[in-house]
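Before any comments, here is the structure.
The values are calculated or read from the model by the stated rules, or taken from the named source; none is laboratory data. Bear in mind that the values here come from a model prediction, so they are computed numbers and not experimental data. Here the Cβ positions follow ideal geometry from the backbone for every residue, glycine too, while neighbour counts run over all protein chains shown.
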Amino acid sequence: MEVTRRAASCFTILLAVAVCALLNARAQEPNSPPPTFSKDVAPILQKHCQTCHRPGEAAPFSMLTYRDTKPWASTIKMVVTQKIMPPWYADPQYGHFSNERSLSPAEIRKLVTWVNGGAQEGDPKDMPPPVKEFVEGWGIPQPDMVFQLPKPFSVPAAGVIEYQYVIVPTGFKEDKWVQMLEVRPTDRSVVHHIIAYLREPGSNYFKDQKPGAFFIAPPAKTDEKTDTSALPSDFLVGYVPGQPAEILHPGEGKLIKAGSDIVFEVHYTPNGKATTDQTKLGLVFAKTSPKERVLTLSASNGTFKIPPCDPNYRVDASFNVRKDVTLVALHPHMHARGKSFEYRIIFPDGKSKTILNVPVYNWHWQLWYNLAEPMDLPQGAKIECTAHFDNSPDNPENPDPTKAVIWGQQSWDEMMVGFFNLKFDANMSPKELTAQEGAIHTH
């Protein structure tokens, strides 16, 4: 019996070896050729990478052609296996998003196999057709209207620059509905963020400032008790690292009323080299009057004080839904100590649903998360946001773990803002949605 068992064991091992050898041989057969750029890799790059990896965009190299991509093959293998690229931070357990960038395991395997096989081009005839016609210098089609800072702003090599504001009149004689929007710095390397606000006729927002001239922000807050986190005016569109253009669906639009001004808010951060920037804003108008208006709002909290060395400080904020609306997109915003961010919906019956969890927040890539299926929110619902901050020495991004941190405009200060886009009947006044909110703070 012992001999029989040994013989059976040896047979099992030999059979396993034979199967492995057969599979390996089949993998090398002509009918299973290694992946090529033209047939296998280019479609993946089109889907996940080329929005940024093309001339004039933020990525350091283009991926439009084999010649562009081949020198970076080993780097591509490294960043996709470590899931550094494409940047995407949503926990897959919660929510589904139409703009998800992450690669599937099969796509990662295909890219790695391509690199390991020598990063071959293959037959150029196998190249897929371009997915869309890119307009160089824009992430949207050729804009119908472009607004730009009136002159280049000089950014020194070093120092601290207060927020810069510029008022640019639109000159619109009639209301305009906008379907696609993009604000772009001309030198991304020194821009922390940009927000383009709308100032409608009769607004008191910066009423004493002259259009066309740079001026500085209001004085920074000096204590954690005063909440200055609320948006000062209608948020049109913004720019932060990793943020693509805002492209609304047909039938949706953002409204710019006749006689409105654009108020640019630009946060410059010197990086050791003097340069200039002349940020611009491109708009593509809706072809017809939309049925639904899109508005960017937020749940924010500016009353926190993060203790020195605290590794997991919690801050909460909420927004009460005062009319039936539809939630379409989410955008968490924090600075260097940002650790995690979560959005929840509390329905009128008390039920709670987590719709986005970012367990590892990366302030270098501040993304919008567009819901694959927009969510109807009834009157009486609440959007709740919870952020955690790491002010400990273990946070490599932390400017100074020995200091307490409050809300502030510079990157070494902190912010806690849960931006979101709501859409609603175009005939409804946004004032019906935006009664003054009280931020909540717990620890």
Problem set entry | Neighbours by Cβ (under 7 Å, 6+ apart or cross-chain): first from segment 181-196, under 19 Å from His335 (Cα atoms); second of a type in the set (Gly, Ala, Ser) | Arg188/Ala58; His192/Ser411; His193/Gly238; Ile194/Gly238; Ile195/Gly238
For this session: Hey, can you tell me all the residues within segment 248-279 that are polar (S, T, N, Q) and crowded, with 21+ Cβ neighbours inside 10 Å?
Result: Ser260, Thr279
For this session: Among residues belonging to segment 136-187 that are closer than 18 Å to Gln243 by Cβ and among the aliphatic types (A, V, I, L, M), point out the one that is modelled with the lowest pLDDT.
Result: Ile140
Seminar exercise, completed: The lone condition Thr186 fails out of (1) buried (at least 18 other Cβ atoms within 10 Å of the Cβ); (2) touching an Asp or Glu at 6+ places or on another chain (Cβ under 6 Å) is (1)
Exercise. For residues in segment 303-336 being out of contact with any Pro (no Cβ under 8 Å at 6 or more places or on another chain) and β-branched (Val, Ile, Thr), which is farthest from Trp365 (Cα to Cα)?
Worked result: Val325
For this session: Within segment 301-315, identify whether any single residue is more than 26 Å from Tyr165 (Cβ to Cβ), part of a loop (DSSP other than H, G, I, E, B) and of a type in the set (D, E, K, R), and answer yes or no.
Result: yes
Problem set entry | Any chance Val178 is buried (at least 18 other Cβ atoms within 10 Å of the Cβ), touching a Lys or Arg at 6+ places or on another chain (Cβ under 7 Å) and part of a helix (DSSP H, G or I) | no
Problem set entry | Filter result for the condition that a residue is surrounded by fewer than 18 Cβ atoms within 10 Å (Cβ to Cβ) and assigned to a strand (DSSP E or B), over Thr326, Thr296, Thr288 | Thr326
Exercise. Pick from Val160, Val183, Val191, Val131: which is under 27 Å from Gln46 (Cβ atoms) and out of contact with any Gly (no Cβ under 8 Å at 6 or more places or on another chain)?
Worked result: Val131
Exercise. Restricting the search to segment 192-244, which residues are modelled with pLDDT of 90 or more, small (Gly, Ala, Ser) and crowded, with 18+ Cβ neighbours inside 10 Å?
Worked result: Ala196, Gly238
Exercise. Given (1) farther than 20 Å from Trp138 by Cβ; (2) small (Gly, Ala, Ser); (3) buried (at least 19 other Cβ atoms within 10 Å of the Cβ), where does Gly282 come up short, assuming only one miss?
Worked result: (1)
Problem set entry | Check on Ser98, buried (at least 16 other Cβ atoms within 10 Å of the Cβ) and of a type in the set (Gly, Ala, Ser) | no
For this session: Would you point out which residue out of Thr269, Thr303 is of a type in the set (Val, Ile, Thr), closer than 26 Å to Thr226 by Cβ and in the same structural domain as Phe389 (by TED's automatic domain parsing)?
Result: Thr303
For this session: Only residues in segment 87-99 that are outside the structural domain of Glu246 (by TED's automatic domain parsing) count as the first member; pair them with residues that are small (Gly, Ala, Ser) and not in a loop (DSSP other than H, G, I, E, B), Cβ under 6 angstrom, at least 6 apart or cross-chain, and list the lot.
Result: His96/Ala372; Phe97/Ala372; Ser98/Ala372
For this session: Show the residue pairs that are 6+ apart or on different chains and have beta-carbon atoms under 6 Å apart, the first residue being within segment 120-144 and on the phi > 0 side of the Ramachandran plot, the second being at pLDDT below 85 and assigned to a loop (DSSP other than H, G, I, E, B).
Result: Gly137/Gly56
For this session: Quick one: Ala58 ticks every box in (1) free of Cβ contacts under 8 Å to residues at least 24 places away in the same chain; (2) out of contact with any Asp or Glu (no Cβ under 6 Å at 6 or more places or on another chain) except a single one, so which number is it?
Result: (1)
Exercise. Which is over 30 Å from Arg344 (Cβ atoms) and not polar (S, T, N, Q), of Asp324, Asp277?
Worked result: Asp277
Exercise. Among the residues of segment 40-59, is any surrounded by fewer than 16 Cβ atoms within 10 Å (Cβ to Cβ), in a loop (DSSP other than H, G, I, E, B), in contact with a His (Cβ under 9 Å, 6 or more places away or on another chain) and not acidic (Asp, Glu)?
Worked result: yes
Problem set entry | The one condition in (1) over 19 Å from Gln50 (Cα atoms); (2) assigned by TED's automatic domain parsing to the domain that holds Met63; (3) within 25 Å of the chain's Cα centre (by Cα) that Thr113 fails to fulfil | (3)
